[in-house]
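Working notes for the structure below.
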Amino acid sequence: MTRYKHIILMFASSMVGSATSHSNVSAEVVFTATSVASVLICILAVFAVYRLALHRKIVYRLALYQVLASLVFAFVEVFQIAFIDYDAENRTFGENAYDRACNAIGFLILYSQWVKLLFTAWVTFHLFCFAVFHKNLRSLEVLYVVTSLLVPLLVAIVPLLTDAYGINTSISVCYIFKNHTSGIDVAAIEKFSLWYGPSMAILLAASFAMVVIVSSLVYHRLRSRPKYGPVSEHDRFWKAFKQLLPLAAFPILFLVFIIPVLASSIDVANNPVNPNIGLALTARVCISLWSAASGLTLLIHISVVRYSVSRRKTYTAIH
């Protein structure tokens, strides 16, 4: 009887393990499908900008840089599905194709994250200078692009040199996971020092800047026109500021989507054996939807502007 009970327990255990594995695979397929959708949305947004010749305006170029970074990030995220059938036991360390693929994917993910982060910081800086000092720093666009493309290279290469890019087998994701020192979570240290720490510092600064921008917006809007200056100058300022204002959506979206990811990483660092699965899934959903949100924001802005222009032309033609 004991023998049969043992067989039944083994069978039940194998069934639970199979169900868990199937659930993980299904979840990863959904995340990958979401990343593919994000790629398509970003491509559509880029096509719309060039099709309508909007790239000639700095407002749309700054938004376009955000979407292009999101496109690269989503495109690389699609390849995470390659690690679904990863088996840590049946491999040779340093000689398996998984190692080389993970190094490439981990590098590109961290690089594209930093590109998006720096473009977000520069967009916020651009809005802040215009709202507070009435300075349109379009001459700094080259600086925005060069720093946002080169600085991330220096950051993303660090885990490559320390061989920290690795595969988290529990969620089939390649990122900074590998440890080489017993007793010290080197991967967690690198993740927080190379990404979560700087990103939260920059985004907190961006949040403060957004409060100042909104306050300046309300202040100038409530001021009487005679005290502000000529009516024409006031109108020009508001027209330009309204064109720049949709850029504020990108820092806000970045902050909204990164908070669950940061919370999940803190939870995993504190509870590596039994992390909060719900929080981890929420983080994966945010990562998958992050790029889609950027593309949709630009598409919605273009649609609203085109609709407003169309209504204005119709009104002028009628009257």
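The values are calculated or read from the model by the stated rules, or taken from the named source; none is laboratory data. Values in this document were obtained by computation on a predicted structure and should not be read as measured data. All Cβ positions, glycine included, derive from the backbone under ideal geometry; neighbour counts span all protein chains shown. SASA here: full protein model, heavy atoms, side chains in, ligands and nucleic acids out. Shrake-Rupley method; radii C 1.70, N 1.55, O 1.52, S 1.80 Å.
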- Note on the structure: Reported set for segment 35-69 where residues are of a type in the set (Val, Ile, Thr) and modelled with pLDDT of 85 or more is Val36, Val39, Ile41, Ile43, Val46, Val49, Val67
- Members of segment 104-125 that are open to solvent by less than 40 Å² (accessible area, probe 1.4 Å) and of a type in the set (A, V, I, L, M): Ile105, Ile109, Leu110, Val115, Leu117, Leu118, Ala121, Val123
- Message: Could you go through segment 189-206 and let me know if any residue there is at pLDDT 75 or above and of a type in the set (Lys, Arg).
- Response: yes
- Item | Pro260 being at pLDDT 65 or above, touching a helix residue (DSSP H, G or I) at 6+ places or on another chain (Cβ under 7 Å), over 27 Å from Asn136 (Cβ atoms) and not in a helix (DSSP H, G or I) | no
- Given (1) open to solvent by 30 Å² or more (accessible area, probe 1.4 Å); (2) at pLDDT below 80; (3) not β-branched (Val, Ile, Thr), where does Trp238 come up short, assuming only one miss? (1)
- Query: Among the residues of segment 161-173, is there at least one that is over 21 Å from the mean Cα position of the chain (by Cα) and at pLDDT 85 or above?
  - Reply: yes
- Taking segment 126-136 and the residues there that are open to solvent by less than 40 Å² (accessible area, probe 1.4 Å) and either touching a Cys at 6+ places or on another chain (Cβ under 9 Å) or of a type in the set (A, V, I, L, M, F, W, C) (or both), the one that is nearest to Ser216 (Cα to Cα) would be Ala131
